[in-house]
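Below is one structure, written out as structure tokens; the observations come after it.
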Amino acid sequence: CIGAQPEEIFFTSGGTESDNWAIKGTLQYGDSRSILTSQIEHHAILNACATVERLGYPVSHLWVDKEGIVTPSTLNKVITDNTKLVSIMLVNNEIGTIEPIKELAEIAHEHRALFHTDAVQAIGHIPVNVKKQNIDMLSLSAHKFHGPRGIGALYVKRGIELTSLMEGGGQERGKRPGTENLPAI
């Protein structure tokens with residue numbers, strides 16, 4: 001339903017884990033490249049960014065306009081070739097703003113940065129296509145579209161290497177160890 005290939009989907013416990021994995025899994029030890037996000041992201045993103053910032057990774061929070069939009073011009077003013085990841089939610093969980101994800105992703109890619117979106121509030125409610133919208137990583141949670149609680153997924157575009165958050169078995173192609181919640185999946 002999002003235009004992804006099966007091997008690009010990694011099952012998680014929900015949107016929070018997916019968001020954390022996208023933020024923390026992008027960074028490598030000693031990496032000095034920055035993360036850009038907005039000031040109105042879900043706390044899963046904001047808290048993950050606060051954690052990596054405490055560990056020494058640079059994080060900047062973009063301002064939004066009066067309607068809660070991260071405008072492409074705002075991103076253009078702040079992004080540099082030292083930006084590693086831009087993470088902007090597709091639909092805001094409090095005010096319902098729909099961000100211009102395709103345009104923001106294009107700007108990120110012009111600077112060789114990855115683009116992640118927390119699409120928890122969007123999947124099942126508005127059309128989402130990771131290929132057409134230039135999305136590198138996308139977080140979702142099943143309970144937002146009438147699925148069970150406690151199951152989500154992280155879409156990771158083929159070719160993007162993420163560091164695992166946990167160590168253990170070889171589940172989810174060696175990237176997310178632990179017994180999979182097959183009934184929820």
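The values are calculated or read from the model by the stated rules, or taken from the named source; none is laboratory data. Because the structure is a prediction, the values reported are computed rather than measured. Please note: Cβ atoms are built from the backbone with ideal geometry, for glycine as well, and neighbour counts cover all protein chains shown. These accessible areas exclude ligands, DNA and RNA; they are computed on the full protein's heavy atoms, side chains included. Shrake-Rupley method; radii C 1.70, N 1.55, O 1.52, S 1.80 Å.
Numbers for the structure displayed
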| read-out | value |
| --- | --- |
| Selection status of LEU162, modelled with pLDDT of 95 or more and crowded, with 16+ Cβ neighbours inside 10 Å | no |
| Candidate set from the range 134-147 (those that are open to solvent by 40 Å² or more (accessible area, probe 1.4 Å) and assigned to a loop (DSSP other than H, G, I, E, B)); member that is modelled with the lowest pLDDT | HIS146 |
| Some residue of the range 1-20 being without any contact (Cβ under 8 Å) to a residue 40 or more places away in the chain, open to solvent by 70 Å² or more (accessible area, probe 1.4 Å) and not in a helix (DSSP H, G or I) | no |
| Candidate set: the range 46-65, residues that are in contact with a strand residue (DSSP E or B) (Cβ under 6 Å, 6 or more places away or on another chain) and assigned to a helix (DSSP H, G or I); chosen: the one surrounded by the fewest Cβ atoms within 10 Å (Cβ to Cβ) | GLU53 |
| Residues being polar (S, T, N, Q) and outside any loop (DSSP other than H, G, I, E, B) - total across the range 68-123 | 6 |
| Condition broken by TYR155, with the remaining ones in (1) open to solvent by 50 Å² or more (accessible area, probe 1.4 Å); (2) modelled with pLDDT of 95 or more satisfied | (1) |
| Every residue from the range 113-127 that is hydrophobic (A, V, I, L, M, F, W, C), farther than 13 Å from GLY15 by Cα and open to solvent by 10 Å² or more (accessible area, probe 1.4 Å) | LEU114, ILE126 |
